[in-house]
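Please treat every number below as a calculation from the coordinates, not as lab data. Fair warning: this is a prediction, and the values are worked out from it, not measured in the lab. Note: ideal-geometry Cβ built from the backbone for every residue, glycine included; neighbour counts use all protein chains shown.
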Amino acid sequence: MYINIADELVKRLEKYQDSRIVLDLDDGVGRYSKSGSCALNISFRLLILDKDQDDSDYTMDVESTIGKISIKEHSKLYLEDEMSLIFDPRMSLIKLKGPSGMIDGNVQIIDLRENKE
């Protein structure tokens, strides 16, 4: 699996280079997921964690433009081998797409670091 991250988002994520970035399926499973989603509503989030924060729910790594991004292993059901994270300036949204179409039209960046700079 690989995620191509648009240049605008690479610049936006640069400030988190000393942190850990995970692509979280907000499905109610795990330490950082507060709500579950039904099969009709797939919701991914980019979570920013300190390097020493618990990330034990994210056991699989996906290569990306900015390095490895961890995911929950069961979330790969919703992902594709080749994906893109793009920024839609018209709506100011981050979108996760694959060759077959839109995976999530509103991926949020959520900073959960305990030691925010």
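Counting only residues that are farther than 16 Å from Ile109 by Cβ, more than 11 Å from the chain's Cα centre (by Cα) and of a type outside the set (Val, Ile, Thr), give me the strands (runs of 3 or more DSSP E) lying completely in the range 1-75 with at least 3 of them. Steps first, answer last, please.
Details: elements: 2-5, 20-25, 44-49, 60-64, 69-71.
Fully inside the range 1-75 and qualifying: 60-64.
For the range 27-56, enumerate the residues that are touching a Gly at 6+ places or on another chain (Cβ under 8 Å) and surrounded by 17 or more Cβ atoms within 10 Å (Cβ to Cβ).
Result: Asp27, single match.
Does any residue in the range 83-100 that is on the phi < 0 side of the Ramachandran plot come within less than 7 Å, Cβ to Cβ, of a residue that is of a type in the set (S, T, N, Q) and assigned to a strand (DSSP E or B) six or more places away or on a different chain, and which pairs are these?
Ser84/Asn4; Lys97/Ser84
Regarding Tyr78, is this residue of a type in the set (Phe, Trp, Tyr), out of contact with any helix residue (DSSP H, G or I) (no Cβ under 9 Å at 6 or more places or on another chain) and either surrounded by 16 or more Cβ atoms within 10 Å (Cβ to Cβ) or more than 17 Å from Gln17 (Cβ to Cβ) (or both)? Steps first, answer last, please.
Working: of a type in the set (Phe, Trp, Tyr): yes; out of contact with any helix residue (DSSP H, G or I) (no Cβ under 9 Å at 6 or more places or on another chain): yes; either surrounded by 16 or more Cβ atoms within 10 Å (Cβ to Cβ) or more than 17 Å from Gln17 (Cβ to Cβ) (or both): yes.
In short, yes.
Output the residue which, of all residues in the range 76-93 that are in a strand (DSSP E or B) and among the hydrophobic types (A, V, I, L, M, F, W, C), is farthest from Asp61 (Cα to Cα). Walk me through it before giving the result.
At the first step, the residues of the range 76-93 found to be in a strand (DSSP E or B) are 82-88, 93.
This time we only want the ones that are among the hydrophobic types (A, V, I, L, M, F, W, C), so: 83, 85-87, 93.
Working: Met83: 14, Leu85: 16, Ile86: 20, Phe87: 22, Leu93: 24 Å.
Residue satisfying both the conditions and the ranking: Leu93.
When the residues of the range 65-91 are filtered to those that are among the acidic types (Asp, Glu) and out of contact with any Gly (no Cβ under 6 Å at 6 or more places or on another chain), which remaining residue is farthest from Lys11 (Cα to Cα)? I'd like the intermediate steps shown before the answer.
Step one: of the range 65-91, the residues among the acidic types (Asp, Glu) are 73, 80-82, 88.
Subsequent filtering for residues that are out of contact with any Gly (no Cβ under 6 Å at 6 or more places or on another chain) retains 73, 81-82, 88.
On the way: Glu73: 27, Asp81: 24, Glu82: 21, Asp88: 15 Å.
Per the criteria, the residue is Glu73.
Is one or more of the residues making up the range 6-21 surrounded by 15 or more Cβ atoms within 10 Å (Cβ to Cβ), acidic (Asp, Glu) and in contact (Cβ under 8 Å) with a residue 12 or more places away in the chain?
Checking the range 6-21: not a single residue is surrounded by 15 or more Cβ atoms within 10 Å (Cβ to Cβ), acidic (Asp, Glu) and in contact (Cβ under 8 Å) with a residue 12 or more places away in the chain.
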